[in-house]
């Protein structure tokens, strides 16, 4: 290490070796001349910089005080929403200025007042062969000193311990839950399940669904599930729409899946599972709000735009004796995004 | 009276009292309910309204909607859309349209209230449809927290996917959009739900009952007046405006700091 007047890059052995073959094309300009700062020459500027650094530190102190004012003067249990918002602002701004004041102050201090003469540190000469021999010798020494070759008992027990140690992880990860099995293929819907309104849970008469209507539907009994209510809802939610029957073009085998133009489709997007519920009643398009996948209800919810992989699954529906809409079976295909075993 | 008070400890007194109470509340409910239904049916128009409305219709609407509102290729038939539909479309200035486009947009109203009512009278005379809602459903009490909470849940299930969870509106396909609901009048919110204007689905009274519709209106008016609990809303547009802000302002600040850190002091 030395300062600028002593150091010169050209004394470095490696650079000299590299440049030996051909004429040196570029002159090394060296470091630019040292230029004193205002605070180095002008005592008043120095004083001013000192005051600036000190005031930045005072800003930090004020920030900490603001934090504690916000923390202690507003009590969580009896605060209104407006007071909570004020507390959040005070805590956030207080911490921000407490940190920033110190950081900015130190940098400003270093830039204006601390010595700024340039220092050059020369690169070590590279001695590859020697370094390699030294490293090899260190590894050899370690093996020799541990005596791992001479003590097979220690070596073998260590190997055994290291093989066994990761096994608890298998048990722990196994506890994350049973494999999904075929639960991804089935939902709560089954033959005879009534379609009920979300969130009230009241059954829907076919006559209630006028042309142009959209009903958000859950299976009857979902609200009474003792547990896993949200998981079941996430698979079973359905959008019920009524179109003019002549607008529907059911493919063979699906003719009796609709009731007088009333159709029910899974609301779970086949891309990444957002709820597809933006129904345009004139164009009969269903739009997914996440990535703009668009499904055409008149073509059995075929994908007509966007990244979704396949059509929305249709729920076959019928009307029971009392005029309420019921499902005639579960979905015929898994709802939601594709997965490895879906096929 | 004395005989009555002597029997107040009789074992059947409680039963008798309960029966009496049930009879009174049931009777009151039946009367009140009947009154409501009667009110709902009283929005009738005079024959003069209908004939005035027809004149206005022929002059202003028939170019697209056809004579007798039977529809042309430029505009749908209005038979059976009901008075509520006319009141919404004309009352918000969406009709008459300035030009054909992806969807009719809100603009200054072209007809005064009387003319709008006459147009509604004429169109509702062509076929039955949703009528202009009773004012009893249009007076939200935003201090009723239960109604507001119920309305919020209904809004999130039925409306939020298009109109945004904070009712700030959102984009649909091919230039269509769901408008912001901020500042829309109670009557027009109700009519939009009942009639499903343009690409909005219909939420008829069996899907969302009039009381539930009022709860939704209560919720909307509540969030309109109660302000944002979470600081700056940035238009309530979610990741779009928030992301834009942090990518420009946040990165800008970081870049400014980097430049300052590496710059030499004068």
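Only Cα pairs within less than 10 Å get springs; with that Gaussian network setup on chain A, which residue of A:238, A:107, A:263 has the largest fluctuation?
Evaluated over chain A, the most mobile residue of the options is A:107.
For the protein assembly as shown, with equal point scatterers placed on the C-alpha atoms only and solvent neglected, what are the log10 I(q)/I(0) values from the Debye formula at q = 0.09 1/Å, to two decimals?
Values, matching the q order: -0.96.
Taking a ≥ b ≥ c as the square roots of the Cα gyration tensor eigenvalues, with a/c under 1.5 meaning rounded and otherwise prolate when a/b beats b/c, else oblate, which class fits the stretch A:103-147?
oblate
Express in whole angstrom the spacing between the alpha-carbon centres of the stretch A:149-173 and the stretch A:210-274.
So the separation of the two Cα centres works out to 55 Å.
Please compute the average number of Cβ atoms from other chains found within 10 Å of each residue's Cβ in peptide B:168-176.
4
Give the distance, in whole Å, between the Cα centre of the stretch A:54-103 and the Cα centre of the stretch B:170-199.
The stretch A:54-103 and the stretch B:170-199 have Cα centres spaced 42 Å from each other.
Can you tell me the 0 to 90 degree angle between the C-alpha axis of helix A:152-164 and the longest principal axis of chain A, rounded to 10?
Helix A:152-164 sits roughly 40 degrees off the main axis of chain A.
Restricting to Cα pairs below 8 Å that are 6+ residues apart, what does the relative contact order work out to for the stretch A:57-152? Please round to a whole percent.
Result for the stretch A:57-152 is 30 percent.
With Kirkwood's inverse mean 1/r over C-alpha pairs for Rh, give me the Rg to Rh ratio of chain B, two decimals please.
1.19
Relative to the longest principal axis of the C-alpha atoms of chain A, give the angle of the C-alpha long axis of helix A:81-112, reported between 0 and 90° and rounded to the nearest 10°.
Value to nearest ten degrees: 20.
Which residue, A:159, A:286, A:86, tops the fluctuation ranking in a GNM of chain A built on C-alpha contacts under 10 Å?
Taking springs between Cα atoms under 10 Å, the residue moving most is A:86.
Taking every Cα atom in chain A, find the radius of gyration and the maximum pairwise distance Dmax, and write them in Å.
37.2, 102
Could you compute Rg(Cα) / (2.2 N^0.38 Å) for the stretch A:134-275, with N its residue count?
2.09
Over chain A, what is the relative contact order in whole percent, taking alpha-carbon pairs under 8 Å and six or more residues apart?
13
Can you give the calculated 222 nm mean residue ellipticity of chain A, where each DSSP H run of n ≥ 4 adds -39,500 (n - 2.57) and the sum is split over every residue, rounded to the nearest 500 deg cm²/dmol?
Rounded to the nearest 500, the figure is -11500 deg cm²/dmol.
Could you check the simple spin-label distance between residue B:156 and residue A:54, using points 7 Å along Cα→Cβ, in nm with one decimal?
Computed distance between label sites residue B:156 and residue A:54 equals 5.5 nm.
Please list, in order, the residues from the stretch B:184-204 whose amide nitrogen is less than 11 Å from a point placed 7 Å along the Cα→Cβ vector of residue B:105.
Nothing falls inside the zone, counting backbone N under 11 Å.
Compute the Cα gyration tensor for the stretch A:35-182, then decide on rounded, prolate or oblate, letting a ≥ b ≥ c be the square roots of its eigenvalues: rounded whenever a/c is under 1.5, prolate when a/b is larger than b/c in the other cases, and oblate in all that remain.
oblate
Starting from the Cα gyration tensor of the stretch B:56-138, take the square roots of the eigenvalues, sort them a ≥ b ≥ c, and report rounded, prolate or oblate (rounded when a/c is under 1.5, otherwise prolate if a/b is larger than b/c, else oblate).
oblate
In peptide B:185-192, what is the residue-averaged number of other protein chain Cβ atoms found within 10 Å of each Cβ?
The per-residue average across the peptide is 0.
What angle, in degrees between 0 and 90 and rounded to the nearest 10, separates the Cα long axis of helix B:145-158 from the longest principal axis of the Cα atoms of chain B?
Helix B:145-158 and the main axis of chain B meet at about 60 degrees.
How far apart, in nanometres, would the label points at residue A:151 and residue A:228 be if each is projected 7 angstrom from Cα along the Cα-to-Cβ direction?
5.3
Values quoted throughout were computed directly from the atomic coordinates according to the rules given, and no laboratory measurement underlies them. Computed from a prediction, not measured in an experiment: that's the story for all the values here. FYI the Cβ positions are ideal-geometry reconstructions off the backbone, even for glycines, and counts take in every protein chain you see.
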